[in-house]
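Worksheet: one structure, shown below.
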Amino acid sequence: MITIINDAPENVAAFNATGDVTKEDFENLVIPYVKSKIEQFNELNYLLYLDTDLSNFTMGAWLQDVFLGIKNLTKWNRCAIVTDKEGVQNFTDIFSVLMPGEFKSFPKENLDNALYWCENGNEVES
């Protein structure tokens with residue numbers, strides 16, 4: 001299931017993925033919410049907090065996620081994936097070379113830093 005992270009900065013489409021993630025999650029929640037952010041800000045700042053195993057994403061959900069990325073290719077600004085899964089972190093880092101915009105992975109304990117980065121492109125100084 002995907003839910004909106006309501007306390008995210010206004011210019012960030014932030015989502016939490018838990019349990020099974022389906023194509024319907026993307027169709028009914030993610031895509032309409034992303035479209036509203038793009039219409040409002042003319043760019044996409046996206047955050048996905050992965051609180052589930054990747055095996056819980058159905059094939060349809062992954063295809064929908066890829067479609068979303070391709071469809072709004074020129075609108076990507078910043079995208080943060082928050083996870084402790086090293087494979088996803090490495091994939092995100094590689095993906096950042098192939099896509100326009102900035103893509104970055106953050107460990108789960110740095111959710112606040114990831115939200116701050118998505119909002120303005122800077123990280124919180126420690």
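Considering only segment 63-76, I want to know if a residue exists there that is at pLDDT 65 or above and open to solvent by less than 20 Å² (accessible area, probe 1.4 Å).
no
Given the conditions (1) at pLDDT 60 or above; (2) in a helix (DSSP H, G or I), which single one is not true for residue 95?
Of everything listed in (1) at pLDDT 60 or above; (2) in a helix (DSSP H, G or I), residue 95 misses just condition (1).
Starting from segment 72-88, take each residue that is assigned to a loop (DSSP other than H, G, I, E, B) and list its partners that are of a type in the set (A, V, I, L, M, F, W, C) and modelled with pLDDT under 85, counting only C-beta distances under 8 angstrom and pairs at least six apart or across chains.
85/54
The values are calculated or read from the model by the stated rules, or taken from the named source; none is laboratory data. Computed from a predicted structure; not experimentally measured. Neighbour counts run over all protein chains shown; Cβ positions are idealised from the backbone, glycine included. These accessible areas exclude ligands, DNA and RNA; they are computed on the full protein's heavy atoms, side chains included. Shrake-Rupley method; radii C 1.70, N 1.55, O 1.52, S 1.80 Å.
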